[in-house]
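Here's the structure we're looking at; comments come further down.
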Amino acid sequence: MADNPGITFERLPHPAPTGEAQRVAALANPGFGSVFSDHMVTIDWEEGKGWHNAAIGPRAPLSLDPATAVLHYAQEVFEGLKAYKQADGGLALFRPEANAARFNESAKRLAMPELPEDVFVESVRLLVETDREWFPSLEGGSLYLRPFMFASEAFLGVRPSRKYKYLVIASPAGNYFKSGAPAVSIWVSRDYSRAAPGGTGAAKCGGNYAASLVPQAEAIERGHDQVVFLDAEEHKWIEELGGMNLFFIFDDGRIVTPPLTGTILPGITRNSLLTLAREEGLDVHEERYSLDQWREDAASGRLLETFACGTAAVVTPVGKLAGHDGEITIGSGGPGQLTQKFRERLVGIQRGTIEDKYGWVMKLG
Ligand SMILES: *Cc1c(COP(=O)(O)O)cnc(C)c1O
């Protein structure tokens with residue numbers, strides 16, 4: 001590490017890497033989040049000592065004291081990004097510095113130490129290069145990277161932990177949505193909120209996800225793919241899905257996404273698409289959009305398309321909006337033209353088939 005002379009990653013040899021036949025079988029249809037590569041990165045932090053013990057070694061279970069703080073008070077933050085295979089066969093990351101910066105914003109909100117951004121990027125790069133054999137063979141596959149940090153001190157008192165562990169694991173990924181449907185159906189949660197003003201909605205922390213599981217299960221039970229959350233104060237304004245941001249495209253050239261007011265996760269996909277939408281000449285607005293207006297605009301046909309976006313699912317068309325007062329189809333109910341165009345543009349940049357005008361792609365060795 002040029003900029004962090006104190007942090008060098010020790011390479012611990014793997015005693016028994018997965019055999020080729022077993023790996024190839026696992027990579028044929030990995031789905032999302034259940035197949036893992038052979039290695040992981042670990043770095044420890046301790047009060048008075050800072051970051052130390054940086055290593056890349058065999059992926060293995062952790063041994064934790066039952067009093068480990070994260071198990072009780074959920075002091076944990078994470079990131080999600082992907083490595084892509086480029087058209088020329090090389091590997092690349094998409095805007096990893098943005099993930100590093102957001103990781104530290106999340107850490108600050110959860111009273112956790114920041115990790116130097118170049119150490120974050122280096123940790124991810126090291127894992128991808130070490131486990132480059134773990135790219136799924138299927139079309140559109142990628143290697144999903146999960147950096148995370150948790151409170152590792154064994155202590156039941158309520159205060160910020162004095163010890164943390166940072167890890168990165170990798171999971172070959174195929175399609176995120178089980179149904180693989182071209183457009184998803186989303187359910188409006190009436191009874192639950194994801195994030196309240198002053199809360200942790202803008203931080204990528206496990207606790208936000210824990211709170212989203214019951215409403216997400218309700219959506220699935222009712223036959224829908226995802227839940228959409230409204231604001232916690234007025235139950236009126238559209239915020240986002242459990243793990244994806246939303247965009248709305250209108251017949252007058254407007255494209256709207258809810259603003260980052262502190263209750264919405266600042267998606268890197270969202271940010272990238274705002275740039276691409278401006279480049280496309282659309283009339284871009286980060287502004288509040290109400291559920292009532294959404295229904296009205298879908299019914300009148302003024303709303304042409306809706307899509308959700310995030311690293312895991314990229315750009316996903318929303319074909320149907322459902323709630324306690326009934327269902328409404330958006331546009332044709334299938335993937336809209338601009339939605340598809342945005343998806344192709346973004347995927348093209350990520351995979352090196354479309355020019356990277358903004359310096360978003362970090363090529364790896
Ligand atoms: C991670 C996440 C997103 C998407 O962020 P990307 O950086 O685009 O992957 C959106 N909403 C929530 C709640 C998230 O946790």
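The values are calculated or read from the model by the stated rules, or taken from the named source; none is laboratory data. Model, not experiment: these values are computed from the prediction. Please note: Cβ atoms are built from the backbone with ideal geometry, for glycine as well, and neighbour counts cover all protein chains shown. Protein only, heavy atoms only, side chains kept; ligands, DNA and RNA dropped before computing areas. Shrake-Rupley method; radii C 1.70, N 1.55, O 1.52, S 1.80 Å.
Backbone geometry of the range 134-149 corresponds, through the Karplus equation with coefficients 6.51, -1.76 and 1.60 at θ = phi - 60°, to 3J(HN,Hα) couplings of 8, 6, x, 7, 6, 4, x, x, 7, 9, 7, 10, 10, x, 7, 9 Hz, x marking Gly and Pro. With protein chains left intact and a 1.4 Å probe, residues in the chain average 44 Å² of accessible area per residue.
When the GluC sites (Glu not before Pro) in the range 117-191 are filtered for DSSP coil states and for at most 16 other beta-carbon atoms within 10 Å of their beta-carbon, the remaining sites are Glu139.
One decimal place: the segment Thr329-Asp356 gains 6.2 nm when fully extended, by the rule 0.36 nm per residue minus the C-alpha distance.
Rolling a 1.4 angstrom probe over the chain with all protein chains present gives an accessible area of which 50% lies on carbon and sulfur atoms. GNM remark for the chain: springs join alpha carbons under 10 Å apart, and the peak mean-square fluctuation among Asn271, Asn104, Asn245 falls on Asn271.
Stokes-Einstein, applied to the Kirkwood radius of the range 115-215 over Cα pairs at a viscosity of 1.002 mPa s and 20 °C, places its translational diffusion at 124 µm² s⁻¹.
Normalising the Debye intensity of the range 1-95 to I(0), with uniform scatterers on Cα atoms only, and taking log10 at q = 0.10, 0.13, 0.20 Å⁻¹ returns -0.43, -0.74, -1.42. Only beta bridges with both residues in the chain are counted; by DSSP, about 80 percent of them are antiparallel. Please report the projected area of the range 155-256's Cα convex hull averaged over all directions, in nm². Hull-based average projected area comes out at 10.4 nm².
In this structure, Glu139 and Glu105 have a Cβ-Cβ separation that, at R0 = 30 Å, corresponds to a calculated FRET efficiency of about 0.30. Put a dot 7 Å past the Cα of Leu64, heading toward its Cβ, do the same for His235, and the two dots end up 3.4 nm apart. The magnitude of the dipole of the range 206-289, with charges of +1 and -1 set on the Cβ of Lys/Arg and Asp/Glu and taken from the Cα centre, is near 180 debye. Considering only Gln350, Gln86, Gln216, the Gaussian network model of the chain with Cα springs below 10 Å gives its largest mean-square fluctuation to Gln86.
No solvent, one uniform scatterer per C-alpha: report log10 I(q)/I(0) for the chain via the Debye equation at q = 0.14 1/Å, two decimals. Computed log10 I(q)/I(0) values: -1.26. Over all directions, the average projected area of the alpha-carbon convex hull for the range 55-182 comes to how many nm²? Quarter of the Cα hull surface area: 9.7 nm².
Which far-off residues, 5 or more places away or on another chain, put their amide H under 5 Å from the one on Val188, with H placed in the peptide plane? Distant-sequence amide H within range of Val188: Val228, Ala322, Gly323. The lysine pair count for the chain, using Cα distances under 20 Å and pairs eight or more places apart or on different chains, is 18. Relative to the dominant Cα principal axis of the chain, helix 291-300 is inclined by about 50°.
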